[in-house]
Amino acid sequence: MSKQKKYEMVRELSGRLFNIRALRDIPEHDVRKGDWGGRIQNEENLSQDGTGWVMEEAMVTGEAQIIDGLVTGRSHVKDYAIVHSGTIIDSEIGGASVIKGESSITKSKIFHSCANNVSAQYAQLYSVHITDRGRIFNSIISAVEGLEIKQTIDIKNSQIRLEDGVISSIGNIENVKINVKNFTVNVSFKLEHIRGSILSNLWIKSQGNMEKRTEWIGKKEEPILIEGKHLLSLDSNINGGVTLRGNLRLINSNISENAQVDMYGTLVNCHISEWASIKLSQKVSREMSGLVLNGDSIVND
């Protein structure tokens, strides 16, 4: 006895696409038998097995496949994209993209990318691969409202343009241009060869673990430059060609090897050594306490 199909296809008037209609309930997406769905180009676009579904305004074309995911709103999944799981809302997924895990993609454009357990809103991701270990190479990451990365992540040779970004996993950022309004790193991280403009807030917090501190590592030929209105670096090592400018809060951190800090704000329980330079603004309030100075370090007040 053949297995009951999940949906039937009814050719639309144009003759190019088919509307789908459920032949059984799909409780995972609140779909009832007889409900109309969106449009597909052929049966390969939507698996007859699993829980995958395309809602009424959405469309799947080309060789794209929906396995267990939900495509809703005015979304278009096309080319060779595969949605194994997760939710696609008012988004365009194309190229050889793969979406899986508990990903939620809203009002975004994703091409030639792999996203696993990623929450993205108003994002443009090109050639971004966030796998189980989370690797983003040679990419443009652009998001108007927000991008949240939960996997252990490596970002290299890329550009990040965000309103709000959150990284909640251990990882590395190397040779990356960052232009963001708010950027939060909640765990230990290593930052190398970064040039960034932080329009509002940059939070670097490594949970006080002395063995897993955030590392800022700059070189003369490939320096780190971060300018921002509000920057918090907690439990960090700031070494080499690193320049930090703006309203800073540096707490429980080591500053060494020609690192330069041009700041107003708070400098607490920091170890400054090996030609590191701290320049404090005279025009605004600041707080210094618990400092340890070794070698040829400089504090200009």
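Go through (1) in contact with a helix residue (DSSP H, G or I) (Cβ under 9 Å, 6 or more places away or on another chain); (2) crowded, with 18+ Cβ neighbours inside 10 Å; (3) within 19 Å of SER119 (Cα to Cα) for ASP68 and report which single condition fails.
Only one criterion in (1) in contact with a helix residue (DSSP H, G or I) (Cβ under 9 Å, 6 or more places away or on another chain); (2) crowded, with 18+ Cβ neighbours inside 10 Å; (3) within 19 Å of SER119 (Cα to Cα) is unmet by ASP68, namely (2).
Picking from ILE88, ILE67, which residue would you name as being modelled with pLDDT of 95 or more, under 21 Å from the mean Cα position of the chain (by Cα) and aliphatic (A, V, I, L, M)?
Working: ILE67 fails: under 21 Å from the mean Cα position of the chain (by Cα).
The conditions single out ILE88.
Taking only region 214-240 into account, find how many residues are part of a loop (DSSP other than H, G, I, E, B) and at pLDDT 75 or above.
1
What single numbered condition from (1) more than 25 Å from HIS129 (Cβ to Cβ); (2) out of contact with any His (no Cβ under 9 Å at 6 or more places or on another chain) fails to hold for LYS109?
(1)
Pull up region 274-301, narrow it to residues that are buried (at least 18 other Cβ atoms within 10 Å of the Cβ) and in a loop (DSSP other than H, G, I, E, B), then point me to the one that is modelled with the lowest pLDDT.
Out of the qualifying residues, it is SER297.
Given VAL98, VAL118, which one is under 20 Å from the mean Cα position of the chain (by Cα), at pLDDT below 90 and within 27 Å of ILE167 (Cβ to Cβ)?
Working: VAL98 fails: at pLDDT below 90.
It is VAL118.
GLY62 passes all but one of (1) part of a strand (DSSP E or B); (2) surrounded by fewer than 18 Cβ atoms within 10 Å (Cβ to Cβ); (3) not aromatic (Phe, Trp, Tyr); which number fails?
(1)
Of the residues ILE110, ILE130, which single one is modelled with pLDDT of 85 or more, in contact with a strand residue (DSSP E or B) (Cβ under 6 Å, 6 or more places away or on another chain) and hydrophobic (A, V, I, L, M, F, W, C)? Step through it out loud before you land on a result.
On the way: ILE130 fails: modelled with pLDDT of 85 or more.
When all the criteria are applied, what remains is ILE110.
Taking the stated definitions as given, is ARG11 modelled with pLDDT under 95, in contact with a strand residue (DSSP E or B) (Cβ under 7 Å, 6 or more places away or on another chain) and either β-branched (Val, Ile, Thr) or more than 14 Å from GLY69 (Cα to Cα) (or both)?
Taking the combined requirement at face value, the residue satisfies it.
So VAL187 clears everything in (1) modelled with pLDDT of 80 or more; (2) outside any strand (DSSP E or B); (3) of a type in the set (Val, Ile, Thr) except one condition, right? Which one?
(1)
Of all residues being surrounded by 22 or more Cβ atoms within 10 Å (Cβ to Cβ) and over 21 Å from VAL77 (Cβ atoms) in region 135-150, which is modelled with the highest pLDDT? Just the residue, please.
ILE149
The values are calculated or read from the model by the stated rules, or taken from the named source; none is laboratory data. No experiment lies behind these values; they were computed from the predicted model shown. As a convention, Cβ positions derive from the backbone with ideal geometry for all residues, glycine included, and neighbour counts pool all protein chains shown.
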